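Scroll down for the structure; my scribbles are underneath it.
The values are calculated or read from the model by the stated rules, or taken from the named source; none is laboratory data. What you are looking at is a predicted structure, and each value in this text was computed from that prediction instead of being measured. Cβ: placed from backbone, ideal geometry, glycine included. Neighbour counts: every protein chain shown. Accessible surface is based on the protein model in full, side chains and every heavy atom, while ligands, DNA and RNA are left aside. Shrake-Rupley method; radii C 1.70, N 1.55, O 1.52, S 1.80 Å.
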Amino acid sequence: MASQINKTMLWMLLVFLLVSNMQQRCFAANGKPQQVPCLFIFGNSLSDDGNNNNLVTLAKSNYPPYGIDFPDGPTGRFTNGRTISDFIGQFLGFEDFIPPFANATGDEILKGVNYASGAAGIRNESGETQGDRIWMDRQLENHQITVSQIEEMLGNENKSTAEYLSKCIYSVEIGSNDYLNNYFLTEYYPTSEIYTQQQYAVVLTDQLSQQLMTLYKYGARRFVVFGLGKIGSIPIMQSACGTGTNGTACVDNINNAVELFNVQLISLVVALNNNLTDASFIYINSTGISSTSSSLDSLVSNASCCEASATTGLCEPFGSTCSNRSQYLYWDSIHPTEIVASVYAERAYKAEYPTDVYPFDIFHLAQLGILEETVSSYDHTKSRSVI
């Protein structure tokens, strides 16, 4: 009888701790809960929020009309408003947008850093025709700097830093430039002569696997890995492929190559989850989300909203824009509009269909950290840092 009462009291205490713990996290921005201590973002122009601004590169967007719908105007985001990463940060309850590594200072890095760079790829040489960019390996080097700074802030206690970082979410959205600005840029790169599409998909995922393992060694335990969208269908590639039967075959060829990469990426996520039992990796099915989003079907998909350069695909500085931005799929000839980013982010954060994500969505990835922290908090001798 006494044993049963003790068990009941223990369960009541755990429930109380869970509620209290969630309440502590509950009001970060406009009453929304901050569900994880920090968010680290890696990738290309789909996530870049200013890291390319001071680089010598064609891949920059810190000028009008970019940012026309963003509170701070042109910031280096390659869209009219918020990016997918911006929306995910808001869904996770962060009060401020995650700062770019180029500008991040002081204790704001404890909430996370954005390392993404326009024209960056998994491979170092991808995107070099655009000029300077911070490819994935360089982004990892920048993250190592951040980790060292966090160690200093937390008292240089490696265990404390490791525990803190293990609760953060690491978002990786990269690979498009390894196709657009490498494999299919045949006048500059010999890559397509060296590898078949299947071989290249394996080469890319093998390199990305090593990069994810580097993040793991730096303390990452919760990963969000985005698959690639149908990049053959973006306006600049539609234009390059042309019209008619040959144009359709060209677009399909690019999209099929990307799908080979996505298949390999899913297999990689499965393998990493099996091999690293103290970590969680989830895959976001970008292609699947776009194919099953009825709200996107009616949007203009064969033209950009802004007046775009035929060469770079980016908006012309101070160029004209469409008046109905919410009716366009693409802001420039490469990147989605804010309304499209919101749809992708919503489905990545809370899946609408089982095919949106694997094995679960970002919301559930964040809850893993809350539940583990709640159970560990039952040990009253264990100190924790809460931000």
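Looking at the chain as a GNM with Cα springs under 10 Å, which of 233, 47, 298 has the largest mean-square fluctuation?
298
Would you pull out the residues with amide H under 5 Å of residue 171's amide H, same chain only if 5 or more places away, H placed 1.01 Å from N?
Here the answer is 40, 41, 42, 224, since their amide H atoms fall under 5 Å of that of residue 171.
Please give the contour-minus-distance gain from residue 326 to residue 194: 0.36 nm per residue of separation, less the Cα-Cα distance, rounded to one decimal in nm.
Numbers: separation 132, 0.36 × 132 = 47.52 nm, distance 4.17 nm.
Gain on extension, residue 326 to residue 194, equals 43.3 nm.
What is the sum of charges, Lys and Arg at +1 and Asp and Glu at -1, for the other residues whose Cβ falls under 12 Å from the Cβ of residue 354? List each step's numbers first, then the result.
On the way: positive: 347; negative: 352, 356, 361.
Net local charge, residue 354 excluded: -2.
Can you work out ³J(HN,Hα) from phi for every residue in region 293-304, in order, using Karplus 6.51 cos²θ - 1.76 cosθ + 1.60 and θ = phi - 60°, giving whole Hz and x for Gly and Pro?
Working through the residues one at a time gives 9, 4, 5, 9, 4, 8, 7, 5, 10, 10, 8, 8 Hz.
What is the local net charge at residue 191, summed over the other residues whose Cβ is closer than 11 Å to its Cβ (Lys, Arg +1; Asp, Glu -1)?
Details: positive: 123; negative: 125, 178, 193.
Around residue 191, the charge tally is -2.
What translational diffusion coefficient, to the nearest whole µm²/s, does the chain have by Stokes-Einstein, given a Kirkwood radius computed over alpha-carbon pairs, a temperature of 10 °C and 1.306 mPa s viscosity? Working shown, then result.
Numbers: Rh = 21.7 Å.
Result for D is 73 µm²/s.
Would you mind telling me which residue in 348, 102, 249 has the biggest mean-square fluctuation in a Gaussian network model of the chain, where springs connect alpha carbons within a distance under 10 angstrom?
Top of the fluctuation ranking is 249.
For n ≥ 4 DSSP H runs only, could you compute -39500 (n - 2.57) per run for the chain, divide by its residues and tell me the 222 nm figure to the nearest 500?
Values: 12 runs with 159 residues, N = 387.
One gets -13000 deg cm²/dmol as the mean residue ellipticity at 222 nm.
Would you mind calculating the relative contact order of region 52-205 from Cα pairs under 8 angstrom and at least 6 residues apart, reporting the percent as a whole number? Walk me through the numbers before you get to the answer.
On the way: 175 pairs, mean separation 25.9, N = 154.
Here the relative contact order equals 17 percent.
Subtract the Cα-Cα distance of residue 274 and residue 72 from 0.36 nm times their separation in residues, and report this length gain in nm to one decimal.
Numbers: separation 202, 0.36 × 202 = 72.72 nm, distance 4.28 nm.
Working it through step by step, the gained length comes to 68.4 nm.
Could you check which residue among 274, 255, 177 shows the biggest mean-square fluctuation in a GNM of the chain with a 10 Å Cα cutoff?
It is 274.
Order the peptides 92-101, 77-86, 336-345 from the highest to the lowest mean number of other Cβ atoms within 10 Å of their residues. Before the final figure, lay out the partial values.
Values: 92-101: 20.2, 77-86: 26.6, 336-345: 22.8.
Per-residue mean Cβ counts within 10 Å order the peptides as 77-86, 336-345, 92-101.
Over the chain, with every protein chain in place, what whole percent of the accessible area is carbon and sulfur at 1.4 Å, could you tell me? If you can, show how the numbers build up before the last one.
Details: 9140 of 17230 Å².
Within the chain, the accessible surface is 53 percent carbon and sulfur.
Tally the DSSP beta bridges in the chain and give the antiparallel ones as a percent, rounded to 5.
Working: 7 of 24 bridges.
Looking only at bridges with both residues in the chain, the antiparallel portion is about 30 percent.
Give me the 1.4 Å probe accessible area per residue for the chain, excluding ligands and nucleic acids, in Å².
On the way: 17230 Å² over 387 residues.
Dividing the accessible area of the chain by its residue count gives 45 Å².
Measure off 7 Å from each Cα along the Cα-to-Cβ vector at residue 291 and residue 209, then give the distance between these two points in nanometres to one decimal.
That separation, rounded to one decimal, is 2.5 nm.
Quick one: 3J(HN,Hα) in Hz for region 47-58, Karplus 6.51/-1.76/1.60 with θ = phi - 60°, rounded, Gly and Pro as x.
For region 47-58, the Karplus-derived couplings read 10, 4, 10, x, 5, 8, 4, 9, 8, 8, 7, 7 Hz, x marking Gly and Pro.
Using 7 Å Cα-to-Cβ label points, what is the residue 368/residue 125 separation (nm, one decimal)?
3.6 nm
Can you give the angle from 0 to 90° between the axis of helix 244-275 and the longest principal axis of the chain, with both taken from C-alpha atoms, to the nearest 10?
In the chain, helix 244-275 runs at an angle near 20 degrees to the longest axis.
Counting alpha carbon pairs within less than 8 Å and at least 6 residues apart, what relative contact order, in whole percent, applies to region 137-222?
Working: 41 pairs, mean separation 37.9, N = 86.
44 percent.
Please compute the length gained on full extension between residue 185 and residue 307, using 0.36 nm multiplied by the number of residues separating them and subtracting their Cα-Cα distance.
41.6 nm
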